[in-house]
1. Scan segment 395-408 for residues that are in a loop (DSSP other than H, G, I, E, B) and without any contact (Cβ under 8 Å) to a residue 40 or more places away in the chain and report the count.
2. Among the residues of segment 444-477, write down those that are closer than 25 Å to residue 42 by Cα and surrounded by fewer than 24 Cβ atoms within 10 Å (Cβ to Cβ).
3. Have a look at 219, 214 and point out the one that is in contact (Cβ under 8 Å) with a residue 40 or more places away in the chain and in a helix (DSSP H, G or I).
4. Quick test of your reading of the structure: residue 520 fulfils all but one of (1) in contact with a strand residue (DSSP E or B) (Cβ under 8 Å, 6 or more places away or on another chain); (2) in contact (Cβ under 8 Å) with a residue 40 or more places away in the chain; (3) under 21 Å from residue 43 (Cα atoms); (4) surrounded by fewer than 18 Cβ atoms within 10 Å (Cβ to Cβ). Name the failing condition by number.
5. Could you count how many residues in segment 409-459 are in a loop (DSSP other than H, G, I, E, B) and closer than 21 Å to residue 35 by Cβ?
6. Taking segment 414-445, which residues are out of contact with any strand residue (DSSP E or B) (no Cβ under 8 Å at 6 or more places or on another chain) and closer than 30 Å to residue 311 by Cα?
């Protein structure tokens with residue numbers, strides 16, 4: 001009977017934790033799913049993934065006007081899942097974004113599962129809550145990008161690897177190998193998950209390494225089976241092209257200088273990342289601390305050797321956002337404890353210096369309590385309130401301030417894109433070629449479509465660069481003269497000329513054509529030589 005009240009308290013506590021976790025997951029879902037098709041505006045990288053997945057859903061291995069997927073720059077796990085979604089729901093940007101959002105919601109749950117098991121339920125709930133409302137996580141989780149799928153796969157790998165360290169077994173080894181392989185099959189940065197798992201297997205003995213590597217290669221064989229069956233030659237060409245374009249810097253001095261400059265720029269521009277990394281050093285569990293720091297460190301080394309992952313490049317860190325949320329939770333927990341005791345020490349000092357005031361016990365206790373609440377509220381409640389308000393403003397009002405200014409992503413409002421597509425649907429023919437930025441080209445209601453990178457390559461304007469393709473890779477002519485319609489948007493006008501050498505000439509030529517439809521940010525041109 002003595003244990004009955006304790007059992008009741010434990011049951012009540014479990015219910016409260018369950019309710020809190022459910023509230024966090026509901027919050028994460030609302031912030032990531034509401035108005036998903038239109039907020040934020042359509043982003044360039046989303047278009048290639050949608051078109052490629054739509055082709056896969058029809059049994060084709062092509063992207064826009066090219067055989068294979070030369071500009072996808074990653075293995076196709078994300079596209080497989082997206083293709084399945086397209087088969088069910090149809091080709092739409094909401095399907096791609098929905099896959100990303102669901103992956104993020106799963107990440108919130110997995111983050112709680114991981115942290116609560118190792119460090120306790122309080123830190124688990126706080127980590128998951130921070131990830132749920134973190135504005136950078138919310139806005140990027142709403143974009144249809146492959147890195148969002150890597151996030152839960154990294155967490156699964158980390159959870160299984162930690163359990164394997166605790167008690168080596170075939171179960172935990174397999175549960176680490178499969179998500180690590182899937183992470184690598186989602187993006188080449190997923191190799192970090194493989195390095196974490198294989199490093200632990202190696203420490204436990206070479207036999208574990210052999211068995212784990214076998215499980216990983218079996219996973220990769222399943223991932224690679226479709227392209228090796230459908231288009232083996234172009235698939236390997238695309239892999240070589242991607243590895244060549246990502247090889248980057250070779251001089252060791254340049255690598256060290258770039259690492260220093262780019263990592264410093266990341267911490268300068270994204271102070272929340274700095275707080276998150278610092279917090280990982282404060283994690284109470286040694287193994288979790290080592291795994292999260294190793295995963296974060298290797299990823300940052302791989303990225304910052306070439307560029308700073310800020311602004312338009314911050315999405316390269318999406319799969320690390322749960323780690324940063326965990327670090328922030330650990331940092332705030334430690335900081336709150338220290339701040340609380342520091343404020344109490346200050347009051348005790350005042351009590352010693354002003355004994356006549358301390359004799360007014362009721363006033364003194366009230367003043368001390370008010371100061372504690374106000375101080376802690378300003379220090380920790382303020383940032384939390386800002387995160388909630390910023391994320392809510394994004395979803396409720398479409399305030400995309402994190403993606404503008406120095407971080408301008410050249411987004412296209414969904415309503416404007418819809419107007420242009422509707423015009424094309426009523427004026428174009430099925431065999432018309434529509435040329436546009438990828439986030440608009442996928443939605444063109446014609447059988448022939450291409451983005452500006454395809455056009456630049458076809459017109460031989462990228463010869464001698466890593467983006468060049470042999471002419472036999474093109475399924476149909478997609479040069480600027482072959483286009484019936486061309487859509488120019490801010491991305492095509494302002495950003496594309498920085499990375500595509502011949503884009504300025506293309507824009508100049510297209511602007512000599514008549515404008516047949518226009519919105520605030522989009523202009524639809526028709527080739528006078530292709531008038532029906």
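1. Here the count works out to 2.
2. Across segment 444-477, the qualifying residues are 445, 446, 447, 448, 453, 467.
3. Step by step, each of 219, 214 is checked, and only 219 is in contact (Cβ under 8 Å) with a residue 40 or more places away in the chain and in a helix (DSSP H, G or I).
4. Here residue 520 meets the rest and fails (1).
5. Counting residues in segment 409-459 that are in a loop (DSSP other than H, G, I, E, B) and closer than 21 Å to residue 35 by Cβ gives 6.
6. Hits for segment 414-445 are 415, 416, 418, 421, 443.
Values quoted throughout were computed directly from the atomic coordinates according to the rules given, and no laboratory measurement underlies them. Treat the numbers as computed from the prediction; the structure is a model and nothing was measured. Neighbour counts are summed over all protein chains in view; Cβ atoms, including those assigned to glycine, are modelled from backbone coordinates with ideal geometry.
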